[in-house]
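Reviewing the structure listed below.
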Amino acid sequence: MTADHSHPTGPARGSKIIAMGHYQPARVLTNDDLARMVDTSDEWIRDRVGIVTRRIADTETVADMATAAAGKALAASGLSAADIDLIAVATCSSVDRCPNVATRVAAKLGISSPAAYDINTACSGYEYALATVDHAIRAGAATNAIVIGAEKLSDVTDWTDRSSCVLFGDGAGAAVVTAVGDDEEPGIGPVLWGSAPEKSDVITIEGWRPYIQQSGQTVFRWAMVALPLLAEKACAAAGLTPKDLVAFVPHQANLRIIEPLARKLGVEDAVVAKDIIESGNTSAASVPLALSKMVERREIPSGAPVLLFGFGGGLTYAGQVIRCP
Amino acid sequence: MTTRDEITSGLSEILEEVAGVNPDDVAEDKSFTDDLDVDSLSMVEVVVAAEEKFSVKIPDDEVQNLKTVGDAVTYIQKASA
């Protein structure tokens, strides 16, 4: 099977998500399990972050999980492997530097000659990846893409550190994104992205045997103060206000960030993603994982406006309003 | 100049709002963590709200020094002077 992607169909007026898929490892790690490993408790974890369970990979790699999620999204999209000309993977926990995860996904799914790249902006990676793919399609550099968020944070977790090991999980989520027709409204809105580099040392995965470390209070304070305004701007970029949103899918870092953020934005009537309760913080995978589950459960009507908003290490942030597939 | 009592009463409103603390329990000698059950994240919310209410800056490094309501009152009074 050879597909010639050297001549994309030309610039498009925008792109849209047509299907989603997700994958989580089978192993469930409960708060009580963690209480047997470090000095913590179910009550402490629920009170501080709202997490009840998380999934931990066994032998699966980041590429395995990315492939599983992408394969499901591709199957649901009605497109075939030969139609895909771009793969973008958001991850900050892949231990292999080369080949990248995107080409491994392509090889496993039999996608023959896609442009394929990984992107690392930590927990905001998915929204950055979605934006770059939307831009590529608008520019005419691609027509049908798969955008994946995949993380194996258990590889970079210090399992003796009770302040961090209770937070993270593994998993992947993916979307198939295609160009819209000339008479069709774009389904991916303009991105609002940026960073606060003066705070780049408050979340780190550094060195040769890296572990995630963070200054929880500093991150929390930044999230409380900066995010409501940024999320509002992401809505404004799409010509909307938060009140127009039917669903809100923020990065799943902490229920105590998600709930006040939703309150401050005034989106209490919207469906707000709280997948952190069952999945923990899965960094760049958290938004596509949560969104894919919401789509699967039919919680959001097709075409409804949904704000995706990622934030994390860097400190980076990115958000855009999408139309639910 | 805001008096200590005025600051304590302002803090007590904030504590009730962000952490559900009974205003009757708030006094200068009370520890945020041990007496009022304010955890580290709620403390951040208290600080952010206090900055706005009293038009002061309370840097991250300073937050850990604010053990009691009285510590916070002293800091806010000094910062707004």
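Nothing in this text is a laboratory measurement; each read-out follows from the coordinates by a stated rule. Note that this is a predicted model, so its numbers are computed, not measured. So basically every Cβ, Gly included, is an ideal-geometry build from the backbone, and we count neighbours across all protein chains shown.
For a paramagnetic label modelled on A:GLN213 (point 7 Å from Cα along Cα→Cβ), amide N atoms under 16 Å away belong, within the range A:144-174, to A:156-165.
Check every DSSP H run in chain A and write down those whose alpha carbon atoms cover 27 angstrom or more along the long axis and whose mean Kyte-Doolittle hydropathy is -0.5 or greater. Walk me through the numbers on the way to the answer.
Working: long enough: A:216-237 (30 Å, 0.85).
For chain A, where a helix must reach 27 Å along its axis and average at least -0.5, the hits are A:216-237.
As a proxy for reagent exposure, ranking A:ASP32, A:ASP42, A:ASP134 by other Cβ atoms within 10 Å from fewest up yields A:ASP32, A:ASP42, A:ASP134. Among the residues of B:39-46, the average count of other protein chain beta-carbon atoms within 10 Å of the residue beta-carbon is 5. Estimated translational diffusion coefficient (Stokes-Einstein, Kirkwood radius over Cα pairs, 25 °C, 0.890 mPa s) of the range A:171-312: 151 µm² per second. Legend: calculated FRET efficiency, A:ASP96 to A:LEU240, from the Cβ-Cβ distance at R0 = 60 Å, rounded to 0.05, equals 0.90. Amide H contacts of A:PHE168 (H built 1.01 Å from N, in plane; Pro and chain starts excluded): A:ASN281 sit under 5 Å, all sequence-distant by 5 or more or on other chains. The mean number of Cβ atoms from other chains found within 10 Å of a Cβ in peptide B:58-65 is 2, as a whole number.
Fewest first, what order do A:ARG298, A:ARG48 take by the number of other Cβ atoms within 10 Å?
Working: A:ARG298 8, A:ARG48 19.
Arranged by neighbour count, lowest to highest, A:ARG298, A:ARG48 become A:ARG298, A:ARG48.
Once both labels are positioned 7 Å from their Cα atoms along Cα-to-Cβ, the gap between A:GLU259 and A:ALA196 label points is 2.2 nm.
Calculated from DSSP H runs of 4 or more alone, at -39500 (n - 2.57) each and per residue, what is the 222 nm mean residue ellipticity of chain B, nearest 500? Intermediate values should be presented prior to the final figure.
Numbers: 4 runs with 47 residues, N = 81.
Taken over chain B, the calculation gives -18000 deg cm²/dmol.
Peptides A:237-247, B:57-67 ranked from most to least packed by the mean count of surrounding Cβ atoms within 10 Å: A:237-247, B:57-67.
Helix-only arithmetic for chain A: the sum of -39500 (n - 2.57) across DSSP H runs with n ≥ 4, divided by the residue total, places the mean residue ellipticity at 222 nm at -9500 deg cm²/dmol. Placing a pseudo-label 7 Å from each Cα along the Cα-to-Cβ vector at A:LYS233 and A:ASP158 gives an inter-label distance of 3.3 nm.
Fewest-first ordering of A:ARG256, A:ARG54 by other beta carbons within 10 Å of each residue's beta carbon gives A:ARG256, A:ARG54.
Where both bridge residues fall in chain A, DSSP classifies roughly 70% of the beta bridges as antiparallel. For the peptides A:145-152, A:270-277, the ranking by packing is A:145-152, A:270-277, with the highest mean count of neighbouring Cβ atoms within 10 Å listed first.
Rounded to the nearest 0.05, the FRET efficiency derived from the C-beta distance between A:LYS108 and B:LYS78 at R0 = 60 Å is 0.45.
Compare the peptides A:303-309, A:287-293, A:183-189, A:261-267 by average per-residue count of other Cβ atoms within 10 angstrom and give them in order, highest first.
A:287-293, A:303-309, A:261-267, A:183-189
For every other residue with a beta carbon closer than 14 angstrom to the beta carbon of B:TYR75, add +1 if it is Lys or Arg and -1 if Asp or Glu, then tell me the sum. Each step should come with its number before you reach the end.
On the way: positive: B:ARG4, B:LYS53, B:LYS57, B:LYS67, B:LYS78; negative: B:GLU28, B:GLU51, B:ASP60, B:ASP61, B:GLU62, B:ASP71.
For residues surrounding B:TYR75, the net value is -1.
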